Amino acid sequence: MNLILLGGNSIDNKKWIENVESCLKPLFQSTTIINYDHWQTGESMINLDKEKEKLAEIAKNLGEYIIFAKSAGSLVTVKAVFEKLISPQKCIFAGVPLKWARKSNFDVDTWYKDYSIPTIAIQHTNDPLASSKELSEFLTQLSKTVKVEELTDDTHDYNELDTIKKLVSDFIK
């Protein structure tokens, strides 16, 4: 099985997603990180449409694949699934940024409606962009295939790589 990895919006996520890749690499046949264009240009905001096209291009030649995405990367993924540009076997999301998505006028309510990819959403108890409880309540209304895995913390950092690796390993079996 192949793995595509997408980080969060901030350039600070570049090193983080590389660390995640190193941690998860033994579980997969191949791994591919998508580096966002705005990380190169210095712009502060991700262009979801541009990145979803890049994701679709990588995915189309990969065979079977799973997606691991943090924060804004989860939005790129869900939008691409909604638009039927990609069809991953499974997804793993860390830190779904529900509040940030709505503040940025991203249509997450539509994108998650009838979302059917088997997915785990790893969410901190008190993530400032959506607590695990807020995310669970949101997803319960829209999707039957996303299971929230709560980790105790109050940040949006997701540095528990050993725990994340175990959750991913158990999920992909």
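Quick notes
- Annotation: Cα Rg of the range 83-173 relative to the compact-globule expectation 2.2 N^0.38 Å equals 1.06.
- Overall, the accessible surface of the range 1-95 at a probe of 1.4 angstrom is composed of carbon and sulfur to the extent of 46 percent.
- When the listed pairs Lys25/Lys90; Lys15/Lys90; Lys25/Lys60; Lys15/Lys113; Lys60/Lys166 are checked against a 26 Å cut-off, the alpha-carbon distance exceeds it for Lys15/Lys113; Lys60/Lys166.
- Centroid-to-centroid separation of the range 117-137 and the range 139-173 [C-alpha atoms, Å]: 8
- Per residue, the chain exposes an accessible area of 47 Å² to a 1.4 Å probe, with every protein chain left in place.
- Diffusion coefficient (Stokes-Einstein, Kirkwood radius over C-alpha pairs, 20 °C, 1.002 mPa s) for the chain: 136 µm²/s, rounded to a whole number.
The values are calculated or read from the model by the stated rules, or taken from the named source; none is laboratory data. The model shown is predicted, which means the values in this text are computed figures rather than measured ones. Areas reflect the complete protein model, heavy atoms only, side chains present, ligands, DNA and RNA absent. Shrake-Rupley method; radii C 1.70, N 1.55, O 1.52, S 1.80 Å.
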